[in-house]
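A.B. asks: What follows is a structure written as structure tokens; I'll ask about it next.
The values are calculated or read from the model by the stated rules, or taken from the named source; none is laboratory data. Predicted model only: the values in this text are computed from it and were never measured. Note that each Cβ is placed from the backbone with ideal geometry, even for glycine, and that neighbours are counted across all protein chains shown.
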Amino acid sequence: MVLLNGRNPYVTLFLMKSKASKTGFDRYFTERMKDRGFAAAYKQARTGIDSVDAFMRSLDEARTTSGVSKAKLAQLTGTQPAAMRRLLTTDAPNPTLSTVMSILRSLGYGLVLVPIRPKSKTSRAAVA
């Protein structure tokens, strides 16, 4: 075990990190979230981003389950290998629908729309 002045530096660094105060952005964000309109808009945007992230993780899982490498998928879809790697590994993917459909077809999948919430009988009656 490495000791620095009689202390384990890994434990010391962890303790120092956990005691860190909030950043200016953290304080600003906490304050903004008190505004109901901002909080609602943020929640809606965050839900959309999380949905795209989950979809892309599922798409990459389908790729690995199918035994297709990123390079092979790029070849199958007519995409540059570097672009395919970025798309499947970035923290903020934002593919076009055309790209998604090309990837899905190449892996033998399709796209199905599923309602987020089931429609109530009253809202269906109002439409009819």
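A.B. asks: Could you tell me whether Lys17 is over 22 Å from the mean Cα position of the chain (by Cα) and at pLDDT 95 or above? Spell out how you get there, then give the answer.
C.D. replies: Values: over 22 Å from the mean Cα position of the chain (by Cα): yes; at pLDDT 95 or above: no.
No.
A.B. asks: Further, regarding this structure: Any chance the range 92-102 includes a residue that's loosely packed, with under 11 Cβ neighbours inside 10 Å, part of a loop (DSSP other than H, G, I, E, B) and among the hydroxyl-bearing types (Ser, Thr, Tyr)?
C.D. replies: Checked against the condition, which is being loosely packed, with under 11 Cβ neighbours inside 10 Å, part of a loop (DSSP other than H, G, I, E, B) and among the hydroxyl-bearing types (Ser, Thr, Tyr), the range 92-102 yields at least one hit.
A.B. asks: Follow-up. Which pairs turn up if I take residues in the range 79-102 that are closer than 14 Å to Asp53 by Cβ and modelled with pLDDT under 95 and look for partners that are basic (Lys, Arg) and crowded, with 16+ Cβ neighbours inside 10 Å with beta carbon separation below 7 Å, at least 6 apart in sequence or on another chain?
C.D. replies: Leu88/Lys70
A.B. asks: Another question about this same structure. Only one of these conditions is not met by Phe25: (1) closer than 17 Å to Thr99 by Cα; (2) exposed (fewer than 10 other Cβ atoms within 10 Å of the Cβ). Which number is it?
C.D. replies: It is condition (1) that Phe25 fails.
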